[in-house]
1. Are there any pairs, at least 6 apart or on different chains, whose C-beta atoms fall under 9 Å, with the first in the stretch B:198-215 and under 16 Å from A:Thr17 (Cβ atoms) and the second among the charged types (D, E, K, R) and open to solvent by 50 Å² or more (accessible area, probe 1.4 Å), and if so, which?
2. Given the structure, is B:Val45 outside any strand (DSSP E or B) and modelled with pLDDT of 95 or more?
3. If I ask for residues that are touching a residue at least 40 places away in the same chain (Cβ under 8 Å) and under 14 Å from B:Arg19 (Cβ atoms), which ones from the stretch B:225-255 would you list?
4. Among the candidates A:Ser147, A:Ser103, A:Ser126, single out the residue that is over 25 Å from B:Tyr183 (Cβ atoms) and in contact with an Asp or Glu (Cβ under 9 Å, 6 or more places away or on another chain).
5. Can you confirm whether A:Leu144 is part of a helix (DSSP H, G or I), in contact (Cβ under 8 Å) with a residue 24 or more places away in the chain, at the interface with chain B (Cβ under 8 Å from one of its Cβ atoms) and open to solvent by 10 Å² or more (accessible area, probe 1.4 Å)?
6. Within the stretch A:1-26, how many residues turn out to be modelled with pLDDT of 85 or more, open to solvent by 10 Å² or more (accessible area, probe 1.4 Å) and more than 7 Å from chain B (Cβ to nearest Cβ)?
7. Which one of these is open to solvent by 10 Å² or more (accessible area, probe 1.4 Å), of a type in the set (Ser, Thr, Tyr), at pLDDT below 95 and under 30 Å from B:Gly216 (Cβ atoms): A:Thr31, A:Thr49?
Amino acid sequence: MQHNKNALKIAVTAVLTAVVVVFTMIVRIPTAKGYLNLCDVAICFIAFTFGPTSAFIAAGLGTALADLISGYAQWAPISFAVHGLEGLLIALIVRSRNGSEASIVKKILAGIVCMATVSLGYFALSALFISTVAVAAAEIPGNLAQSAVGFVLGLGVSSAVKRAYPPVRSLSW
Amino acid sequence: MNTSAFVAGNGWLYRFDPRAKILLMVLLCIFFFLPITLLGLFLSVLLVIAVGWRNTGTKNIKGVFLSIAPMLLFMLLFSPFNVRSGEPLWRIGAVTIITVEGALQALRLACRFIGITYVCTLLFATTVMGEIMLALRFWRLPYKAALVVTLSFTYIPFIAESFSQIAESHRLREAALEERKNYIQRLKDLVPTLTSVLVVALRSIPNLAMSLEMRGLGRSERRTSYRSLDSYTRLFTDFVISITIVTMLWLIFKA
């Protein structure tokens, strides 16, 4: 797979963005201010497998596009910031220089950061720009549950994909 | 799975230049945060809804409202309690439950939220995604970023279709066991489905990269380019209209 590096980067980012959109839109549990979904599974998978840059772009862009398509356009900038940051931070924590598996401590830390980023990010930004502190606070438990489940499933899916499709390692940049 | 929020129609908002529409959307979102009277905010939101209703129809306007209704309810129920200052509106004994200021603040937040929602939704309901991308290119969105978004939109239906087929086949294999499973077991069962979907998606990456190369991506002599928005001939007029609308609203309703 000797591709022009630019073409490969664009192809990887585009397909991963589409994956995040599909995971966000296919399973939806309606809540007070939007919906809960599987986007964190895709984001954690990308962060664990592809690294910080891909995770930031695909996670931010994918969730923002899903919001735009689903009629929650007002949430798109917030989703871009929160989920982009979530992907970036997880990838930075679990990244290793020699390509080895991240330690259990790093994984736990990544999980905590994932939950904190999603719940606090949505709380702060939606309280500031869209709703109120009380309404934003009401969504914290839902976001915590979504990100926790997403992280655990993402971890499982990540190692399963690496076993099922080993060339995935050559696609990361 | 629907990958577009576009609602077919031929109202004036559909003929409005997408580049100017993006400017109008941003200006209106800023306007809702400016210090304006509550009545002014209410009337501006009403105007946006009326324009939306005239252009996209009752069904779309109703659908948008229903999607934000639960949050609006939350907002109106809980926001008034946050503001403790001002004249009491509702008291139980010596304790003030809600103040006039609190109630007005809740109404302002609700109006702002409805306004932002409709403004954003109307852009995507009256403009096809391709034209939004072209308009964003006009606003200096980098070529590669636009390409990533465009390519993503072509891959969403393919991945969604794969997801449905894979989920269906996994479900068929264990149809008899499905009812006896608890919530955690159901979540665990998602792993094989999600893994298969991801592998299908990842396998398409090398082909896509090769196609991009074949089409000359990264070369100095481009073989493909984006089409233009030349069919919209009133760009300057629409820019002037966008700025005038927001300026007029601001001058009339400023606090």
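The values are calculated or read from the model by the stated rules, or taken from the named source; none is laboratory data. The model shown is predicted, which means the values in this text are computed figures rather than measured ones. Cβ: placed from backbone, ideal geometry, glycine included. Neighbour counts: every protein chain shown. Keep in mind that these areas ignore ligands, DNA and RNA; they rest on the heavy atoms of the full protein, side chains included. Shrake-Rupley method; radii C 1.70, N 1.55, O 1.52, S 1.80 Å.
1. So the pair list comes out as B:Ala209/A:Lys9.
2. Considered against the rule, which asks whether it is outside any strand (DSSP E or B) and modelled with pLDDT of 95 or more, B:Val45 comes out as yes.
3. B:Tyr226, B:Ser228, B:Leu229, B:Tyr232, B:Arg234, B:Leu235, B:Asp238, B:Phe239, B:Ile241, B:Ser242, B:Ile243
4. Numbers: A:Ser147 fails: over 25 Å from B:Tyr183 (Cβ atoms); A:Ser103 fails: in contact with an Asp or Glu (Cβ under 9 Å, 6 or more places away or on another chain).
So the residue among A:Ser147, A:Ser103, A:Ser126 that is over 25 Å from B:Tyr183 (Cβ atoms) and in contact with an Asp or Glu (Cβ under 9 Å, 6 or more places away or on another chain) is A:Ser126.
5. no
6. Number of matching residues: 1.
7. On the way: A:Thr31 fails: under 30 Å from B:Gly216 (Cβ atoms).
Testing whether each residue is open to solvent by 10 Å² or more (accessible area, probe 1.4 Å), of a type in the set (Ser, Thr, Tyr), at pLDDT below 95 and under 30 Å from B:Gly216 (Cβ atoms) leaves just A:Thr49.
Per-residue answers, yes or no, for (1) open to solvent by 70 Å² or more (accessible area, probe 1.4 Å); (2) free of Cβ contacts under 8 Å to residues at least 12 places away in the same chain; (3) within 11 Å of another protein chain (Cβ to nearest Cβ):
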{"residue": "B:Leu136", "(1), (2), (3)": "no, no, no"}
{"residue": "B:Ala146", "(1), (2), (3)": "no, no, yes"}
{"residue": "B:Thr150", "(1), (2), (3)": "no, no, yes"}
{"residue": "B:Phe163", "(1), (2), (3)": "no, no, yes"}
{"residue": "B:Arg173", "(1), (2), (3)": "yes, yes, no"}
{"residue": "B:Leu190", "(1), (2), (3)": "no, yes, yes"}
